Amino acid sequence: MNQRSDTDRMLRHWLSDGPATMPDRVIEVVADRIARQPQRRSWRFLGRLTMNPAFKYGIAAAAVLLIAVAGYSFMPRNASNGGPGASPSLAPTVAPTLAPTPSTAAVATTSPSRAAVRCNFDVVGCAGPLTQGAHSSAHFLPGFSFTAPIAWVNSFDGQTNYELDSGGSSYVLVWSDVAISQHTATCEPLKQPGVGNTVKDWIDFVTTHPGLDAGKPVPVTLGDGKGQVVDLQVKAGWTKTCSNFPGTSVQFIMHAKGTDRTYGTYGAASWVKLRLYVLSVAGGTVLVEAYGTSPQLKTIVSSMRFTAPR
Amino acid sequence: MDRDLVEAAQRGDQAAFVDLVRTRGDRLFAVAQRILRDVDRAEDALQDALVIAWRDLRSLRDPDRFDAWVHRLLTNICIEQARRERRRVANLRVLDVEPSTAIDDLLTVGDRDQLDRAFRRLVPEERAILVLRFYLGYEPTEIAEVLGQPAGTIRSRLHHATRAMRAALDADARLIAVGGTSR
């Protein structure tokens, strides 16, 4: 066994000897553990590929590409109140969803309690697990208040994004400083040419998008925010993909300002049904998206009250 | 199709994920056991890797890469666990688990014992490289992808690890040649 080939053969032989059957209990343990382990959404840091170097070390807020993930849809009972209808509930937990990737920045000034909470993208500034009752955004502009059910989590609170999670697969995501994005195969955030940013522009775009099935838009008012709400789903025959996400998807949301290109694009995966609220608040456009099966989504969104800057 | 199972699991289908585990569990467990040389720790590492795989499955861009991705997760967990174990046990000898008593025409019991000792002396990354190369049959470029290191580095470490294993057997042979035994 002095030659290399002999050594290789010896190692193959030696390594082939040993236990090669997984104990049955592994399946049982894994099945039990994943039943209690929510999946992370497909957060992406596309902005790292395109951002200005000045932003590399954390100057703005978190960089993200958001692709929606959720299960079943919810239907409105009273769209003027902005609430999704009841549907089977998932067991919520109080554990915040933390993204595995590094942050690009901390979010603005934070209170001591908020500074101790790790949010999505490992930034700070969110409230974390919420007590049942009234709450307000701390950093998001325009500010808003809402009523939280028990066990929901504020997992992100930045100037242009705010997120509430059930701890399962239901969540509410709020956006400001938005623009309508093209769908690109590389998930590159590129503004849709020739399209404005009013509520009408948004509703017209999503209701005529070739990749989206849209419900009938309904007027909605959430405090000083007035606009329309529409249910969306990727069409069955849609074939376009985004390289950062498996399966077909439609991307159509991005941040408007150049510096916020770091936020990437956002869209809906093929199995997602989402409710999109497009609101005009103090001359700007705000989006509220609700995903998931939790009937508590209705409580949250219908309680939202946006406040225009005075 | 496995791709369908992966995509279903990405949509939150736990049963689909368990099906994926069933068809891959033996091979994954074998890899973990060979890197860690301990069935209990291999079981723990595999469980952790699978739960992480479930948690982060939606970040997997290409469902066809599921196997490579899970191997990467598992290998890295095994390496980390082996590092912790090396720090913890320091110079203590790790108990053998299921030592082979078979004697065949290629390796004697003494050979196997020497190989086991030599293997445990390797740094965890080198153990993983040997297992990926000689158990799974990965090429250095594939190992590089799994471990996130340059292929040149992998070739160098593979050479070092193989030579270390070879030296262990040669030392044993020298002992036997002068009339002693290896134990």
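Here is the figure for the range A:201-245: residues that are part of a strand (DSSP E or B) and either in contact (Cβ under 8 Å) with a residue 40 or more places away in the chain or among the charged types (D, E, K, R) (or both) total 20. Residue pairs whose Cβ atoms lie under 9 Å apart, separated by 6 or more positions or on different chains, with the first residue in the range A:298-310 and touching a residue at least 60 places away in the same chain (Cβ under 8 Å) and the second of a type in the set (Asp, Glu) and assigned to a helix (DSSP H, G or I), do not occur.
Inspection of the range B:14-31 identifies at least one residue that is assigned to a helix (DSSP H, G or I), among the acidic types (Asp, Glu) and more than 9 Å from chain A (Cβ to nearest Cβ). Condition test on B:Ala53, is it buried (at least 19 other Cβ atoms within 10 Å of the Cβ), aliphatic (A, V, I, L, M), assigned to a helix (DSSP H, G or I) and modelled with pLDDT of 85 or more? In short, yes.
Screening A:Pro309 with (1) surrounded by fewer than 23 Cβ atoms within 10 Å (Cβ to Cβ); (2) over 19 Å from A:Val195 (Cβ atoms); (3) at pLDDT 95 or above gives one miss only, at (3).
Looking only at the range B:6-42, residues that are more than 23 Å from B:Asn76 (Cβ to Cβ) and either buried (at least 18 other Cβ atoms within 10 Å of the Cβ) or touching a helix residue (DSSP H, G or I) at 6+ places or on another chain (Cβ under 7 Å) (or both) come to 7 in all. Given (1) within 14 Å of chain A (Cβ to nearest Cβ); (2) modelled with pLDDT of 90 or more, identify the lone condition not met by B:Asp67. Tallying (1) within 14 Å of chain A (Cβ to nearest Cβ); (2) modelled with pLDDT of 90 or more, B:Asp67 fails exactly one: (1). Looking at the range A:153-179 only, could you name the residues that are closer than 17 Å to A:Ala269 by Cα and either without any contact (Cβ under 8 Å) to a residue 40 or more places away in the chain or hydrophobic (A, V, I, L, M, F, W, C) (or both)? A:Val172, A:Leu173 - these are the residues of the range A:153-179 that are closer than 17 Å to A:Ala269 by Cα and either without any contact (Cβ under 8 Å) to a residue 40 or more places away in the chain or hydrophobic (A, V, I, L, M, F, W, C) (or both). Quick one: is B:Arg72 assigned to a helix (DSSP H, G or I), under 21 Å from B:Gly148 (Cα atoms), more than 10 Å from chain A (Cβ to nearest Cβ) and in contact (Cβ under 8 Å) with a residue 40 or more places away in the chain? Considered against the rule, which asks whether it is assigned to a helix (DSSP H, G or I), under 21 Å from B:Gly148 (Cα atoms), more than 10 Å from chain A (Cβ to nearest Cβ) and in contact (Cβ under 8 Å) with a residue 40 or more places away in the chain, B:Arg72 comes out as yes. Do the conditions hold for B:Leu130, that is, is it modelled with pLDDT under 85, closer than 22 Å to B:Ala168 by Cα and not charged (D, E, K, R)? For B:Leu130, the condition - modelled with pLDDT under 85, closer than 22 Å to B:Ala168 by Cα and not charged (D, E, K, R) - is not met.
Residues of the range B:34-55 being touching a residue at least 12 places away in the same chain (Cβ under 8 Å) and facing chain A (nearest Cβ under 7 Å), which ones? Within the range B:34-55, B:Arg34, B:Val39, B:Glu43, B:Leu46, B:Leu50, B:Trp54 qualify.
Might you check whether a residue that is out of contact with any strand residue (DSSP E or B) (no Cβ under 8 Å at 6 or more places or on another chain), more than 19 Å from A:Asp17 (Cβ to Cβ), exposed (fewer than 15 other Cβ atoms within 10 Å of the Cβ) and at pLDDT 55 or above occurs anywhere in the range B:98-107? No, because not a single residue in the range B:98-107 is out of contact with any strand residue (DSSP E or B) (no Cβ under 8 Å at 6 or more places or on another chain), more than 19 Å from A:Asp17 (Cβ to Cβ), exposed (fewer than 15 other Cβ atoms within 10 Å of the Cβ) and at pLDDT 55 or above.
On the stretch given as the range A:18-39, residues that are surrounded by fewer than 19 Cβ atoms within 10 Å (Cβ to Cβ), modelled with pLDDT under 85, within 7 Å of another protein chain (Cβ to nearest Cβ) and assigned to a loop (DSSP other than H, G, I, E, B) total 1.
Only one of the listed residues (B:Arg61, B:Arg87) is modelled with pLDDT under 85, at the interface with another protein chain (Cβ under 9 Å from one of its Cβ atoms) and either out of contact with any helix residue (DSSP H, G or I) (no Cβ under 8 Å at 6 or more places or on another chain) or farther than 24 Å from B:Tyr135 by Cβ (or both). That residue is B:Arg61.
Say we look at the range B:152-174 and pick out the residues that are loosely packed, with under 15 Cβ neighbours inside 10 Å and either aliphatic (A, V, I, L, M) or within 20 Å of B:Cys78 (Cβ to Cβ) (or both); which of these is nearest to the other protein chains (Cβ to nearest Cβ)? Ranking the qualifying residues of the range B:152-174, first place goes to B:Ala167.
The values are calculated or read from the model by the stated rules, or taken from the named source; none is laboratory data. Bear in mind the structure is a predicted one, so any value in this text is a computation, not a measurement. No Cβ is skipped: glycine too gets one built from the backbone with ideal geometry, and neighbour counts run over all protein chains shown.
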